[in-house]
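The values are calculated or read from the model by the stated rules, or taken from the named source; none is laboratory data. The shown structure was predicted, so the numbers you read here are calculated from the model rather than taken from an experiment. Cβ coordinates were reconstructed from backbone atoms using ideal geometry, including for glycine residues, and neighbour counts include every protein chain displayed. Quick note on the areas: whole protein, heavy atoms, side chains included, nothing else; ligands and nucleic acids left out. Shrake-Rupley method; radii C 1.70, N 1.55, O 1.52, S 1.80 Å.
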Amino acid sequence: MPQLALFDTPFGELQLSRRPHRERETLQAWDAADEYLLHHLASNEIAADSRFLIVNDSQGSLCTALASYNCTLWADSAIAQFSANENCTGNHRKAPEFIPATDIPQGAFDYILYKLPKSRSLLKYQLQHLAALVSLPERFIGAAMARHIDQNVVAAFADYIAPARPSLARKKSRLIQLQSAPQSTAIDDDIKTITLPEHDLTLHNRANVFSRDKLDRGSRLLLQGMDKLLHPQRVLDLACGNGLLGVYAARKWPDASVHFFDDSFLAIDSARKNVIANSIAADANIHFSADDCLSNYDGEAFDLILCNPPFHQDHHVGDHIAQTMFRDSVKHLAPTGRLCVVGNRHLGYHVVLKKLFGHCDIIESDSKFVVLLAYR
């Protein structure tokens with residue numbers, strides 16, 4: 001059972017859980033910016049039939065609090081979708097309509113509530129598309145912890161939607177409100193293309209995709225490690241990002257089935273594009289899933305799981321996502337399967353992997369990263 005915490009809001013008391021679920025959870029499913037936003041809304045008269053577009057509600061706290069209205073959640077996160085549904089259901093409230101970030105919301109909204117994302121590329125992508133949806137500037141309300149609102153964020157609002165002003169701080173959080181109606185502007189293509197001639201690969205990276213400007217050092221080292229692995233039949237690229245590892249695997253082992261999993265819908269879309277761009281056979285056994293780690297997977301076990309795990313969730317830094325991925329990998333590896341993971345040396349992944357699997361070898365390393373192979 002997920003751990004629940006009480007969130008006392010102007011719209012009722014809520015019991016909320018946070019994903020990924022873990023024992024002795026230390027993080028809440030909401031922050032002070034959520035509280036500020038809800039108290040600000042409660043000071044206004046809101047028509048009962050109001051339509052809300054809620055953007056980047058990472059754990060569903062806003063959607064659950066405002067469930068008596070007509071809510072739509074737009075987010076680049078399967079975790080956000082699952083959390084909103086789970087928390088609304090747990091509080092006997094109506095779950096929001098969900099729109100993945102790969103699709104664009106349509107129609108008229110009475111209020112747009114915008115939780116600022118960590119990714120600046122996602123900020124630009126979302127603001128440009130939201131500009132056409134703003135009915136009244138005072139009905140667009142951004143929110144974030146004060147330390148995450150700097151001059152670059154304020155400039156991004158002015159560049160991509162309309163001039164905006166942060167509010168006074170409340171519990172170290174601020175609201176951001178538009179100072180004028182948005183002007184109609186062209187929407188930029190969010191895809192950034194990079195080439196890796198040493199691997200004969202071209203990668204198309206959408207907004208919010210990890211290392212979208214260049215090949216990251218950890219993945220480069222993991223590609224070297226893959227050349228030492230035995231031929232698998234079923235491969236999983238877990239936390240796939242742009243799909244680099246899975247694409248490399250599909251080229252290296254063309255008869256293997258390859259599965260791409262990520263929390264980000266824009267990452268999964270990037271992986272799809274990169275499978276096509278790098279001439280993976282049209283009849284190849286390729287699969288794509290947006291998921292909270294492997295929480296919804298019930299298919300066949302994998303011979304090889306490749307993973308360059310994230311070390312943060314939104315603005316929260318830590319290894320809790322990686323550890324969830326390691327535990328899920330134990331459940332979904334074949335008896336002779338292998339987990340091949342890269343990480344910073346200081347994170348000490350080898351300790352938890354040896355405890356979970358029994359064996360953990362270093363197969364590649366440099367001054368900063370190690371590539372580990374865990375097996376039973």
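Table for the structure above
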read-out	value
Boolean, residue 247 is buried (at least 18 other Cβ atoms within 10 Å of the Cβ), of a type in the set (A, V, I, L, M, F, W, C), out of contact with any Asp or Glu (no Cβ under 6 Å at 6 or more places or on another chain) and over 17 Å from residue 302 (Cα atoms)	no
In the stretch 21-78, residue nearest to residue 89 (Cα to Cα) [restricted to those that are among the hydroxyl-bearing types (Ser, Thr, Tyr) and open to solvent by less than 10 Å² (accessible area, probe 1.4 Å)]	64
Options 120, 147: the member that is open to solvent by 20 Å² or more (accessible area, probe 1.4 Å), more than 19 Å from the chain's Cα centre (by Cα) and free of Cβ contacts under 8 Å to residues at least 40 places away in the same chain	147
Scan of the stretch 180-207 for residues that are of a type in the set (Ser, Thr, Tyr) and either surrounded by 13 or more Cβ atoms within 10 Å (Cβ to Cβ) or farther than 15 Å from residue 125 by Cβ (or both), ordered by number	180, 184, 193, 195, 202
Selected residue [under 23 Å from residue 101 (Cβ atoms) and small (Gly, Ala, Ser)] from 169, 181, 158, 146	158
Test for residue 126: is it touching a strand residue (DSSP E or B) at 6+ places or on another chain (Cβ under 7 Å), open to solvent by 30 Å² or more (accessible area, probe 1.4 Å), at pLDDT 95 or above and outside any strand (DSSP E or B)	no
Candidates 141, 99, filtered to the one that is modelled with pLDDT of 95 or more and more than 18 Å from residue 36 (Cα to Cα)	99
Residue list for the stretch 253-276, filter: within 18 Å of residue 193 (Cα to Cα), buried (at least 18 other Cβ atoms within 10 Å of the Cβ) and over 17 Å from the mean Cα position of the chain (by Cα)	273, 274, 275
Single residue of the stretch 223-239 satisfying the filter (in contact with a His (Cβ under 9 Å, 6 or more places away or on another chain) and either open to solvent by less than 10 Å² (accessible area, probe 1.4 Å) or polar (S, T, N, Q) (or both)) that is nearest to residue 321 (Cα to Cα)	238
Residue among 355, 331 that is modelled with pLDDT of 95 or more, exposed (fewer than 14 other Cβ atoms within 10 Å of the Cβ) and under 30 Å from residue 80 (Cβ atoms)	331
Failed criterion for residue 279 (all others in (1) of a type outside the set (Lys, Arg); (2) modelled with pLDDT of 95 or more; (3) surrounded by fewer than 16 Cβ atoms within 10 Å (Cβ to Cβ) hold)	(2)
Strands (runs of 3 or more DSSP E) wholly inside the stretch 1-106 that include at least 1 residues being within 28 Å of residue 121 (Cα to Cα)	51-55, 70-75, 97-100
Positions within the stretch 150-179 being more than 26 Å from the chain's Cα centre (by Cα), outside any strand (DSSP E or B), surrounded by fewer than 13 Cβ atoms within 10 Å (Cβ to Cβ) and without any contact (Cβ under 8 Å) to a residue 24 or more places away in the chain, in sequence order	168
Set 90, 107: member being open to solvent by 40 Å² or more (accessible area, probe 1.4 Å) and at positive phi	107
Residue list for the stretch 129-144, filter: open to solvent by less than 20 Å² (accessible area, probe 1.4 Å) and either within 24 Å of residue 290 (Cα to Cα) or of a type in the set (Ser, Thr, Tyr) (or both)	130
Residue in the stretch 304-326 that is among the hydroxyl-bearing types (Ser, Thr, Tyr), touching a residue at least 24 places away in the same chain (Cβ under 8 Å) and closer than 21 Å to residue 19 by Cβ present	yes
Residue in the stretch 51-69 that is of a type in the set (S, T, N, Q) and over 17 Å from residue 16 (Cα atoms) present	no
